[in-house]
Amino acid sequence: MDVQKALLNGVITENPTFRLVLGMCPTLAVTTAAENGLAMGLATTAVLVGSNLLISLLRGFIPSKVRIPAYIVVIATLVTAVDLLMKAYLPALSSALGLYIPLIVVNCIIFARAESFASKNPPIASILDGIGIGFGFTLALILLASVRELLGAGSVFGVNILGPDYPKALIFVMAPGGFFSLGLLLAGVNRFLDYLHRRTGGLI
Amino acid sequence: MPTKLSVSLSPHVRGELSTQGIMLRVFIALLPAALMGVYAFGGQALWTLILSTASAVLAEALAQKLLKRPVTAFHDGSAAVTGLLLGLCLPPAVPWYLAVVGSAFAVVIAKQVFGGLGSNFVNPALAGRAFLLACWPAAMTTFIGIDGQTGATPLAYLQSPTDLAAAFGENWRLDAFLGRVPGTIGEVSTLALLLGAAFLLISRIIDWRIPLSYLASLGVLSVIAGVELSASLLLGGVVLSAFFMATDYVTSPASSWGKIVFGLGCGVVNFVIRQWGAYPEGVTYAILLMNVCSPLIERATRPKKYGEVKARA
């Protein structure tokens, strides 16, 4: 499995947000600002790459009856490391994301990749899969968070775009706005990807 | 959606009224209230009403076009009624984009996305209002008085008739009935609303059960809690929504007992929000909440089939 294929798979074919519709809790909760979406995506990617690698290395060793607890131990260790690193070096971002960093432990994207990919594939392929899926998740979070931040606060990544007089539609930085934006983006992105699929003759 | 072969359950007897006819009558019934609103608040209110109605129709046409459905927006009248209703429950001095965005949200997100007319699970106009209330809470709760002064809704003084008299004069009861106490465009004149409602009741467009049980339960609970009856019914949007929004066919139960339960529920929730909630008025959320409950109510109050007997335990 080469890099290009892994990236394409993670970003488009098996995009965790728009195609697999996994990990909805962090997706809806942290995407109030583009910066939070980026941070959450990168944190998840770091954990995902690490857990895919470790689980792939341990795949001959973990008995299948206790594989879920074993995965949890691996993932929780990595999440704790990421959490402590963020607290030490990015305290502001860490407090903005709050509980959702420790909650990466129960993110079903990471479980899904461990169960369906890393436990059956060699380490290098698992790392690439982790990078692809993590990248797809990060891009989806940035897209959703940018839309919500733009409508709800008039800015993207903290940079004001719609001018000082833009009447901020507060609902988009609240929970219901997250659901509306996600639903419409899901429809829009999948429509666009279908179009792309037809135009490229099934290449993408 | 009209198809060549329509399969439906009995009874196959058809009424003479079409969707178009019903919507036209509802529209006409809303006109007195709209006129009183424009009379009370002037051109600004007229502009808001025109804008909300027009953008509802245009947004529906656009959505139907994009969703590749037959474009019925211009002739079936349901979008126009939704837009007018939304305009009537906006404060008179709202910025123009509230009317446009609210109407578009009402017909596109609350109605077309769920399958169009007859498939929406909540009242579109109220969904639009709830959306606006969450987006721009300040603009949605600034009311101008008849004298042009801005202020809070008179519901803020609900607990004390002496405060009401101090704010709106000794004759506030009569003023609220005729339309001289501030509020949203459509709710100012209870008299005009009752005129429209009487027309709908007489022409059998709406059923008396929902409005009656709604107003009665809210009134009784208010009196028990020590709020003056006339204040609780004349101020705020209760009369407007009891007759014109709670009675929406699509989002209220069809069975007779179901309608009564639905109305009672609206009254109780409305009372609870007014009494203990964060908002001064609870009409929007009361009806939206009961809209969501109406399939359950309908299931619980399904009328007995002819000849059906109770199953033995």
Margin query: Residues to consider are B:46, B:30; find the one that is in a helix (DSSP H, G or I) and open to solvent by 10 Å² or more (accessible area, probe 1.4 Å).
Written below: B:46
Notebook entry, point to check: Do any helices (runs of 4 or more DSSP H) entirely within region B:170-266 hold 1 or more residues that are modelled with pLDDT of 90 or more and under 29 Å from residue B:300 (Cα atoms), and if so, which?
Noted result: B:190-202, B:209-224, B:238-244
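Test residue A:34 against the stated conditions and say whether it is in contact with a strand residue (DSSP E or B) (Cβ under 7 Å, 6 or more places away or on another chain) and either polar (S, T, N, Q) or closer than 30 Å to residue A:152 by Cα (or both). Explain how you work it out, then say what you get.
On the way: in contact with a strand residue (DSSP E or B) (Cβ under 7 Å, 6 or more places away or on another chain): yes; either polar (S, T, N, Q) or closer than 30 Å to residue A:152 by Cα (or both): yes.
Here the answer is yes, as residue A:34 does meet what is asked.
In this structure, does residue B:269 turn out to be at pLDDT 90 or above, under 23 Å from residue B:156 (Cα atoms), among the hydrophobic types (A, V, I, L, M, F, W, C) and open to solvent by less than 60 Å² (accessible area, probe 1.4 Å)?
Values: at pLDDT 90 or above: yes; under 23 Å from residue B:156 (Cα atoms): yes; among the hydrophobic types (A, V, I, L, M, F, W, C): yes; open to solvent by less than 60 Å² (accessible area, probe 1.4 Å): yes.
Considered against the rule, which asks whether it is at pLDDT 90 or above, under 23 Å from residue B:156 (Cα atoms), among the hydrophobic types (A, V, I, L, M, F, W, C) and open to solvent by less than 60 Å² (accessible area, probe 1.4 Å), residue B:269 comes out as yes.
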Margin query: Which residue is modelled with the lowest pLDDT, if the candidates are limited to region A:183-204 and must be open to solvent by 80 Å² or more (accessible area, probe 1.4 Å) and over 18 Å from residue A:142 (Cα atoms)?
Written below: A:203
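Tally up the residues in region B:87-138 that are in a loop (DSSP other than H, G, I, E, B) and within 12 Å of chain A (Cβ to nearest Cβ), please. Lay out the reasoning, then the answer.
Pass one, region B:87-138, residues in a loop (DSSP other than H, G, I, E, B): B:89-95, B:110-111, B:115-123, B:136.
Restricting the remaining residues to those that are within 12 Å of chain A (Cβ to nearest Cβ) gives B:94-95, B:110, B:136.
Looking only at that region, the number is 4.
Out of all the residues in region B:196-225, which are more than 15 Å from residue B:242 (Cα to Cα), charged (D, E, K, R) and in contact (Cβ under 8 Å) with a residue 24 or more places away in the chain? Even if it seems obvious, please write down each step before you answer.
Initial filter on region B:196-225 (more than 15 Å from residue B:242 (Cα to Cα)): B:202-204, B:220-225.
After this cut, where a residue has to be charged (D, E, K, R) as well, the list is B:204.
None - no residue of region B:196-225 is more than 15 Å from residue B:242 (Cα to Cα), charged (D, E, K, R) and in contact (Cβ under 8 Å) with a residue 24 or more places away in the chain, so the list stays empty.
Would it be correct to say that residue B:115 is over 18 Å from residue B:240 (Cβ atoms) and under 20 Å from the mean Cα position of the chain (by Cα)? First the steps, then the outcome.
Values: over 18 Å from residue B:240 (Cβ atoms): yes; under 20 Å from the mean Cα position of the chain (by Cα): no.
Taking the combined requirement at face value, the residue does not satisfy it.
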Next item on the list: Filter region A:159-201 for residues that are within 12 Å of chain B (Cβ to nearest Cβ), part of a helix (DSSP H, G or I) and of a type in the set (D, E, K, R) and give the result.
Entry: A:191
Next item on the list: Could you run through region A:141-167 and say how many residues are in contact with a Phe, Trp or Tyr (Cβ under 7 Å, 6 or more places away or on another chain) and among the hydrophobic types (A, V, I, L, M, F, W, C)?
Entry: 1
Margin query: Can you find, within region B:11-32, the residue that is farthest from residue B:74 (Cα to Cα) among those that are touching an Asp or Glu at 6+ places or on another chain (Cβ under 9 Å) and not β-branched (Val, Ile, Thr)?
Written below: B:18
Check: Among the residues of region B:290-306, which ones are closer than 15 Å to residue B:266 by Cβ, of a type in the set (A, V, I, L, M, F, W, C) and in contact (Cβ under 8 Å) with a residue 24 or more places away in the chain?
Finding: B:290, B:292, B:293, B:297
Next item on the list: Search region A:151-171 for residues that are free of Cβ contacts under 8 Å to residues at least 12 places away in the same chain and closer than 22 Å to residue A:96 by Cα and pair each with any residue that is among the β-branched types (Val, Ile, Thr) and open to solvent by 60 Å² or more (accessible area, probe 1.4 Å) when their beta-carbon atoms are under 8 Å apart and the residues are at least 6 apart or on different chains.
Entry: A:155/A:161
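Each row is one residue, and each column tells you yes or no for (1) among the aliphatic types (A, V, I, L, M); (2) more than 22 Å from residue A:86 (Cα to Cα); (3) buried (at least 24 other Cβ atoms within 10 Å of the Cβ).
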site	(1), (2), (3)
A:110	yes, no, yes
A:117	no, yes, no
A:120	no, yes, no
A:131	yes, no, no
A:154	no, yes, no
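Residue by residue, here is whether (1) part of a loop (DSSP other than H, G, I, E, B); (2) touching a His at 6+ places or on another chain (Cβ under 9 Å); (3) surrounded by fewer than 21 Cβ atoms within 10 Å (Cβ to Cβ) holds:
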site	(1), (2), (3)
B:17	yes, no, yes
B:22	no, no, yes
B:38	no, no, yes
B:61	no, no, yes
B:65	no, no, yes
B:70	yes, no, yes
B:85	no, no, no
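The values are calculated or read from the model by the stated rules, or taken from the named source; none is laboratory data. Nothing here was measured: the structure is a model prediction, and the numbers come from that model. Heads up, the Cβs are rebuilt from the backbone with ideal geometry, glycines too, and the neighbour counts pull from every protein chain shown. Note: areas computed on protein heavy atoms with side chains; ligands, DNA, RNA excluded. Shrake-Rupley method; radii C 1.70, N 1.55, O 1.52, S 1.80 Å.
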